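The values are calculated or read from the model by the stated rules, or taken from the named source; none is laboratory data. Predicted, not measured: the structure shown is a model, and the values here were computed from it. For neighbour counting, all protein chains shown are included, and Cβ atoms are generated from backbone atoms with ideal geometry for every residue, glycine included. All accessible areas refer to the heavy atoms of the entire protein, side chains included, with ligands and DNA or RNA removed. Shrake-Rupley method; radii C 1.70, N 1.55, O 1.52, S 1.80 Å.
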Amino acid sequence: MEHRIVGPGPYRATKLWNETVELFRTKMPLRKHRCRFKSYERCFTAAEAVDWLHELLRRSQNFGPEVTRKQTVQLLKKFLKNHVIEDIKGKWGQEDFEDNRHLYRFPPSSPLRPYPKRPPYQKDVIKFPEWDDPLPGTSQDNIPVRPVVMSSEMWYKRHSIAIGEVPACRLVHRRQLTEANVEELWKTMTLSYLQKILGLDSLEEVLDVNLVNSKFIIHNVYSVSNQGVVILDDKSKELPHWVLSAMKCLANWPNCSDLKQPMYLGFEKDVFKTIADYYGHLKEPLLTFHLFDAFVSVLGLLQKEKMAIEAFQICCLLLPPENRRKLQLLMRMMARICLNKEMPPLCDGFGTRTLMVQTFSHCILCSKDEVDLDDLLAARLVTFLMDNYQEILKVPLALQTSIEERVAHLRRVQFQKSYPEVYQERFPTPESEALLFPEKPKAKPQLLMWALKNPFQPFQRTRSFRM
């Protein structure tokens, strides 16, 4: 009873669904059961299915030990709805599965999920302009010239060009490294780093690159506070003041200096419910719908923790700044609550850490198409985020340095093409330095003159050596 590790790549959620269904059908113990004075062969009770599947999911490295019994029941409800299982009367199609003694069986065949076919994304890569490329609307055949008076010297120059003695002049357009070029460079290199970490030939199946906004990446890198939290230019996209105050209250419990109203028994539970209601009613998860496959794909790297952190860092850079800020503040609050020993229990029957994962996982990651393993995948991701949020929500320094060096190089090339003489003075080559500053001959060390005056003179005793 062991799950195969499904690594990063396209359709990872579908692969996990099919893998779980196959294991459940082939390994789930079946036996004879009696119900209402009648015997049924090769079946199982709902409670037996929950026990077995819960243990399978907890042991799987694809999901982890944080999987709860409630999540297992939710998955079995989806199994019943999709005809992976049916009751002993052959009924299926509804999510009315309960953790009880009701009998279920496998149908003759359980349909596996087909892999979705997506139209190939059109890659719009902005090519950096070459120095010899003409500007739009211009050509070498239509160069504006001033009328000149023909003289003997002018006639000689034109004649020399015509017979090939002197090369013809050519109009060269000087191109500038524009802001759009820099933004495209940030986007291209960021996606290239992500593709390299995931080990994929292309990102087309896990990410629509046309939806990646380069301005978001640059903002998330440079517009940050001293604590590394994103600073928004549009203040209307900030968290509401009352939500931010509630989050500060629980993060700093029991020192809630922002709140003026008196506390009462169960006050912290009401504050937590206020925060959970706000995040639960967001129109889109914080990690956005179009990045769902990318984050799920990164989950396949959790066995290589360092690589997974690097991949999550880059994926989080692709988020809209307001989403990244909300995620940063939420993860800091969740981590502080879990580490706070003075925090009273916020829910009966759940530990604080489990409560955090179950409450906020859906508002952090979910699919627009309601993938059947949404809950398990989101819980796995949020658990990893809570343990590593400080590293994951940092700007990847290696990526930033690499892009900044590339931009600086392109600007240096631009300056060299535009002002070659000035560039040569400011940035001399080794050859030009050798011409300007010829190497001086090395001076030979001077010999000590006193050592050569009388080298073979015998030692003479002086008065200072007498006894």
Legend entry - Cα-centre dipole for segment 14-105 with unit charges at Cβ (Lys and Arg positive, Asp and Glu negative), debye to 20: 360 debye
Legend entry - Theoretical FRET efficiency, 1/(1+(r/R0)^6), r = Cβ-Cβ of GLU370 and GLU342, R0 35 Å, to 0.05: 0.35
Inset, instruction - At 0.36 nm per residue, minus the direct Cα-Cα distance, what do ALA47 and GLU183 gain on full extension? Give it in nm, one decimal, please. - result: 43.4 nm
Legend entry - Which listed pairs, of LYS38/LYS70; LYS15/LYS248; LYS77/LYS215; LYS187/LYS417; LYS15/LYS70; LYS15/LYS91, have C-alpha distances above 32 Å, in listed order: LYS15/LYS248; LYS77/LYS215
Inset, instruction - State, to one decimal in nm, how far the label point of ASN213 lies from the label point of LYS27, with both points 7 Å from Cα in the Cβ direction. - result: 4.4 nm
Legend entry - Paramagnetic reach from HIS281 (point 7 Å along Cα→Cβ, amide N under 20 Å) across segment 327-348: 327, 330
Inset, instruction - Using DSSP to define loop residues, name the trypsin sites (Lys or Arg not before Pro) in segment 241-306 whose beta-carbon has at most 10 other beta-carbon atoms within 10 Å. - result: LYS260, LYS283
Legend entry - Heavy-atom accessible area per residue - segment 14-105, 1.4 Å, Å²: 53 Å²
Legend entry - Estimated distance in nm for a label pair at PHE415 and VAL229, the labels positioned 7 Å out from Cα along Cα-to-Cβ: 3.8 nm
